[in-house]
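The values are calculated or read from the model by the stated rules, or taken from the named source; none is laboratory data. This one's a predicted model, so the numbers in the text were calculated from it and none came from an experiment. Neighbour counts run over all protein chains shown; Cβ positions are idealised from the backbone, glycine included.
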Amino acid sequence: MDYEDLGISNKSGNEHLVEVVDRGISRRSFLSWGSGALSLSVFAPLVQGCSSDSETMPRLGFSTVPVSISDTVTLPPEYQYQVVYAWGDPINGTAPVFKQDGSNTAAEQALQSGMHHDGGHFFSLPDWKSNSSTSGLWAVNHEYVDAGLLVGPPATWSSLEGVAKSKAAHGVSVVQMDKQPDGKWKVVASNNARRITADTEMDINGPAKGHALMKTSLDPLGEKVRGTVNNCAAGFTPWGTYLTCEENFNGVFGTDDPTWTANTLQLRYGLSRQGFANSVSPLYPWWKQDNRFDLSKEPNEANRFGYVVEIDPYTASKRPVKRTALGRFKHENCEWMLTKDGRIAVYMGCDEVNEYVYKFVSTGKVDMVDRAKNVDLLDSGTLYVAKFNDDGTGIWLELSPGKNGLTPENGWNTLGDICVRTRQAADRAGATMMDRPEWVAVNRITGDVYVTLTNNSRRGTSPASVNNIDGTSTAGSARPAVNAANPTGGASGNPYGHIVKWKDAGGDAAATTFSWSIFLKAGDKLQSDTLKKGTINGDDFGSPDGLWIDDAGYMWIQTDVSTSRIMAADLSRTNADYKNLGNNQMLIADPATGVVKRFLVGPNQCEITGAHMTPDRKTMFINIQHPGEDGSDADISATPKKYSSWPDGAAGGRPRSATIAITRKDGGEIGT
Ligand code: FEO
Ligand code: CA
Ligand code: CA
Ligand code: CA
């Protein structure tokens, strides 16, 4: 399921200018920094903006991996991997056991790994100050489900049990993973282990707490909600909590009420801008069993999703909290940088065609001694959205009452209004429409920030349609014109995507201006059209999605070419743009040189996502998501292994998303 390719919710008309791009990549090298989150976060303000001209370790010394269409994980010959935590594996390491015919009940599913692993983070044990590389908590998102593989044929999807199992397979896992004497990682029993699902009760905090649009019949105060859904990418905080990000939350809502579309207030001002419709997808008929997801019966429930949710992995009894101050949109991930005065800045992308890049800056400072002081740090601060000027400068437009057109006469009265209807606030402020912002990555050593712009089928050459404040729409094109930050468009849009880099003014994450450039344009040098060749110095790829810069300064790029593109409409691999690029993959870029090398190719129809390492850099954890899915979302419950049997092979009954651990055969550090 690739909702991002389906819809266009943004008709704001923001930004459509043409300009040539500054592709200059400043040459830098990095301090060697073999440490975990804690030490980095303590020292981040000291090293921001600092660079060294001497390389201290060999870089990208591994053998590059060729493209492939094998139903396996392929690594450089000097590396190996193992599956640690796959869909259906019990969170306590022993029971309930996964049934290969997919017959586990909803109740069992709630004690097992959810489906479709996405973002993840390794938290060393025993506590947030730890640096262990052999024992930790793996927090991992379960973004969505393949209903056919999960529940069975379509007739069962809307049953009480089918909906319950679908909800239980969404959300987050926290499991303990320990390295065994034989070097293998294993999920073990732990008091910290838990599943958070679409039914787990959690708190609503920040400016939208108690807002009129947040009140429902189950929660008349608008202060708590059951569930987090469509948990896409993720982040963490310097105080050792996990941030899980709700993305395509519109997909689990619907209604059978044919009159619902007449509800113009909801449709125009709230829901249409987030892509809601009577039925976005028949894969998630949750509303047939749970009124919360029926747009007609509980019109405000949808306003309670689309947030960043903070989870304390070290305390299983602690309720997750929706941090509404970070805005409501189709969140991809969160990455943070400390400001020069010690506050936290969080960078975020909204993943849909022609959406925006955001930044939140807290009011209070991070306390690295007393963890409890940070407990509500993400509830107050300033939210900004990015405007990329064509001259390589940029502005963080403040999304606050009274600023940038967010006035009562324009329908904006409170910060709560902005935090519920964040996309519309960003439209009003004049943000730059981008080519589907996916992950943001920060280099805490240099202060550089990067965002993957995965692709954009709707980047064209004419002014976009405009959403008017009265709910009407001024006709225009669904293909906003190219601009300097999104320079590829036309008949095929931007099929390969690109990566944009910026630095906030003065190297201070609190700054309201920045300078930017294009780090690379993805593409395929074998294409005859020069516009499709890209600018990659090294191995080619397209549709960058996952992006992470590790403590040594390596940039990990993970691709998510949609299965419909990889397989083409006729299920062949002849899609003109992607015929040479094989299965989805992970590459490493050296930001200092711009060189890109392919490190991993995944099994059939998967995407590669989630990236983190143990502090000693000797184990890398990533996720293989949706191996074997059908590109047209057809039901494959009768033939689950039609496209892939990864990871269980002949012994398995169906493909499974999974977390894998990657190590070097010689036990050395990864990436060198
Ligand atoms: Fe869930 Fe934008 O990928
Ligand atoms: Ca993604
Ligand atoms: Ca994607
Ligand atoms: Ca995806």
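Test of understanding: among 385, 361, which residue is among the aliphatic types (A, V, I, L, M), in contact with a helix residue (DSSP H, G or I) (Cβ under 6 Å, 6 or more places away or on another chain) and either more than 16 Å from ligand 3 (Cβ to nearest atom) or more than 23 Å from residue 459 (Cβ to Cβ) (or both)?
Values: 361 fails: in contact with a helix residue (DSSP H, G or I) (Cβ under 6 Å, 6 or more places away or on another chain).
That would be 385, the only listed residue that is among the aliphatic types (A, V, I, L, M), in contact with a helix residue (DSSP H, G or I) (Cβ under 6 Å, 6 or more places away or on another chain) and either more than 16 Å from ligand 3 (Cβ to nearest atom) or more than 23 Å from residue 459 (Cβ to Cβ) (or both).
Return the total of residues in the stretch 572-617 being farther than 20 Å from residue 527 by Cβ and either of a type in the set (Val, Ile, Thr) or within 16 Å of ligand 3 (Cβ to nearest atom) (or both).
Here the count works out to 13.
Of the residues 241, 237, 216, which is within 23 Å of the chain's Cα centre (by Cα), surrounded by fewer than 24 Cβ atoms within 10 Å (Cβ to Cβ) and touching a residue at least 40 places away in the same chain (Cβ under 8 Å)?
Details: 241 fails: surrounded by fewer than 24 Cβ atoms within 10 Å (Cβ to Cβ); 216 fails: within 23 Å of the chain's Cα centre (by Cα).
Unique residue meeting the criteria: 237.
Give me the residue from the stretch 584-609 that is within 16 Å of ligand 2 (Cβ to nearest atom) and not β-branched (Val, Ile, Thr) and, out of that set, farthest from residue 553 (Cα to Cα). Walk me through how you get there before you give the answer.
First pass over the stretch 584-609, keeping only residues within 16 Å of ligand 2 (Cβ to nearest atom): 584-587, 602, 605-609.
Subsequent filtering for residues that are not β-branched (Val, Ile, Thr) retains 584-587, 602, 605-607.
Details: 584: 23, 585: 20, 586: 16, 587: 14, 602: 24, 605: 30, 606: 27, 607: 23 Å.
Of everything passing the filter in the stretch 584-609, 605 is farthest from residue 553 (Cα to Cα).
Looking only at the stretch 115-144, which residues are buried (at least 24 other Cβ atoms within 10 Å of the Cβ) and either within 16 Å of ligand 2 (Cβ to nearest atom) or among the hydroxyl-bearing types (Ser, Thr, Tyr) (or both)?
Selection gives 115, 116, 117, 118, 119, 120, 121, 140, 141, 142, 143, 144.
Results for (1) among the charged types (D, E, K, R); (2) assigned to a loop (DSSP other than H, G, I, E, B); (3) at pLDDT 95 or above, shown as yes or no for each residue.
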residue: 292; (1), (2), (3): yes, no, yes
residue: 299; (1), (2), (3): no, yes, no
residue: 314; (1), (2), (3): no, yes, yes
residue: 335; (1), (2), (3): yes, no, yes
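How many residues, within the stretch 610-655, are in contact with a strand residue (DSSP E or B) (Cβ under 7 Å, 6 or more places away or on another chain) and within 16 Å of ligand 2 (Cβ to nearest atom)?
Number of matching residues: 8.
Hey, can you tell me all the residues within the stretch 618-658 that are within 16 Å of ligand 3 (Cβ to nearest atom), surrounded by fewer than 24 Cβ atoms within 10 Å (Cβ to Cβ) and closer than 11 Å to residue 146 by Cα?
Answer for the stretch 618-658, where residues must be within 16 Å of ligand 3 (Cβ to nearest atom), surrounded by fewer than 24 Cβ atoms within 10 Å (Cβ to Cβ) and closer than 11 Å to residue 146 by Cα: just 633.
Show me the strands (runs of 3 or more DSSP E) found entirely inside the stretch 130-221 where at least 3 residues are of a type outside the set (Gly, Ala, Ser), over 26 Å from residue 95 (Cα atoms) and modelled with pLDDT of 95 or more.
Values: elements: 135-142, 171-179, 185-188, 194-196, 201-205.
Passing ranges, in order: 201-205.
Just checking: which of the strands (runs of 3 or more DSSP E) contained wholly in the stretch 471-564 hold 2 or more residues that are under 16 Å from residue 433 (Cα atoms) and modelled with pLDDT of 95 or more?
Values: elements: 498-504, 513-521, 544-549, 555-559.
Qualifying strands (runs of 3 or more DSSP E): 498-504, 513-521.
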